[in-house]
Amino acid sequence: MSAPPEDSGPPAPGPERALRLGTRASALALAQSGMMAEALTAATGRPVELVHVTTYGDTSRESLSVIGGTGVFVNALRDALYAGEIDFAVHSLKDLPTAAPEGLHLAAVSERAAVNDALVARDGLKLADLPAGARVGTGAARRMALLKMIRPDLEVVPIRGNVDTRVNFVRSGRLDAVLVAFAGLQRLGRDDEATEVLDPEIMLPSPGQGALAVECRDADLVGLLAVLDHGPTRAAVVAERTMLAVLEAGCSAPVGGHAIALDDNVLSLTGVVATVTGSRGLRLSATGTVPDAEGLGRRVAEGLLAEGAAEIMEAGQ
């Protein structure tokens, strides 16, 4: 990712011009960005046009563990923001590095969709029904690790690709099942293809899963984009992402985190770290207040580290 330019940045977009929303060009990314564009126009009256940006993660076919998952779907969009080619960008929040980028603003976090992972399996099978030795595909180290902890008798196959590509591994008979984010299926209108929606307390999601991040460079846009922000979701993902940052684990590491609101002022956060093989894992839960979401994430991470999380994550590389 390029360093931010030293000038003051492009002038604030005038009220007459359509705002340029940078997005990856996959069907899912376009569905997500289109949803946010429509919401912004409905709330403010400002027209929005989508600008397609190709990221390294879109062109590389190597596994995320090889290319380094942190930022591979994000950096090109941030470069476009720095260059003034787009006014704001929409990311899947789970893909966003935890370190705050210089000169950019996280203007909004969308209301969260389902955090669950979903199984798409042949013959309508559920996870418990898959026979021993069944081949299950996923590109995420977290899913690999947790799946092996739940069903060590399955063969986990690393795969890459968009939703169509992954589901077609099952349709073609190359795999018995794949794991995908249920939110992605929902946003594509394909939720009926899930043969099982997995309990997030068993298959803990990736920190930020199900939420979208809206980034901009122009400080004058922050107030306009704030109409897209959902406070309860922001608090939950702050707890999850703080935990991830303190663990010093990237978004491709075998780490899961899920924060939920117990009431208007109390959050519960559960974190898990594991080896990719599923041979070892740690799980810890704690509660805290919504204003102290960052502190809650830090406490859970420090508790996991005290129990040996660093050694487990290192062994999982």
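The values are calculated or read from the model by the stated rules, or taken from the named source; none is laboratory data. For clarity, every value in this text was computed on a predicted model and none was experimentally measured. Don't worry about glycine lacking a Cβ; one is built from the backbone with ideal geometry, like all the others, and counts go over all protein chains shown.
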Just checking, which of LEU244, LEU305, LEU296 is closer than 25 Å to HIS105 by Cα, part of a helix (DSSP H, G or I) and either assigned by TED's automatic domain parsing to the domain that holds ARG142 or more than 18 Å from the chain's Cα centre (by Cα) (or both)?
LEU296
List, please: which pairs have Cβ atoms under 6 Å, are six or more places apart or on different chains, and start with a residue in the range 263-280 that is within 19 Å of ALA301 (Cα to Cα) and among the hydroxyl-bearing types (Ser, Thr, Tyr) and end with one that is part of a loop (DSSP other than H, G, I, E, B) and at pLDDT 90 or above?
SER268/LEU262
Identify, from the list GLY295, GLY281, GLY316, GLY288, the residue that is buried (at least 18 other Cβ atoms within 10 Å of the Cβ) and either among the hydrophobic types (A, V, I, L, M, F, W, C) or modelled with pLDDT of 95 or more (or both).
GLY288
Every listed condition ((1) touching a residue at least 24 places away in the same chain (Cβ under 8 Å); (2) over 28 Å from GLN186 (Cα atoms)) holds for SER206 save (2)
If I filter the range 110-129 for residues that are closer than 23 Å to THR233 by Cα and touching a Pro at 6+ places or on another chain (Cβ under 6 Å), do I get at least one hit?
yes
Residues (closer than 15 Å to LEU204 by Cα and either over 14 Å from the mean Cα position of the chain (by Cα) or not in a loop (DSSP other than H, G, I, E, B) (or both)) located in the range 111-122
ASP117, ALA118, LEU119
Within the bounds of the range 219-230, is there any residue that is closer than 18 Å to MET203 by Cα and at pLDDT 95 or above?
no
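Matching residues to (1) crowded, with 23+ Cβ neighbours inside 10 Å; (2) of a type in the set (Asp, Glu); (3) at pLDDT 95 or above; (4) under 20 Å from ILE202 (Cβ atoms):
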position	(1), (2), (3), (4)
LEU104	no, no, yes, no
VAL109	yes, no, yes, no
LEU154	no, no, yes, yes
ARG160	no, no, no, no
Within the range 203-224, can one find any residue that is in contact with a strand residue (DSSP E or B) (Cβ under 9 Å, 6 or more places away or on another chain), assigned to a helix (DSSP H, G or I), of a type outside the set (D, E, K, R) and surrounded by 18 or more Cβ atoms within 10 Å (Cβ to Cβ)?
yes
Note: among GLY84, GLY14, GLY71, just one is at pLDDT below 65, out of contact with any strand residue (DSSP E or B) (no Cβ under 8 Å at 6 or more places or on another chain), more than 19 Å from VAL180 (Cβ to Cβ) and surrounded by 15 or more Cβ atoms within 10 Å (Cβ to Cβ), namely GLY71
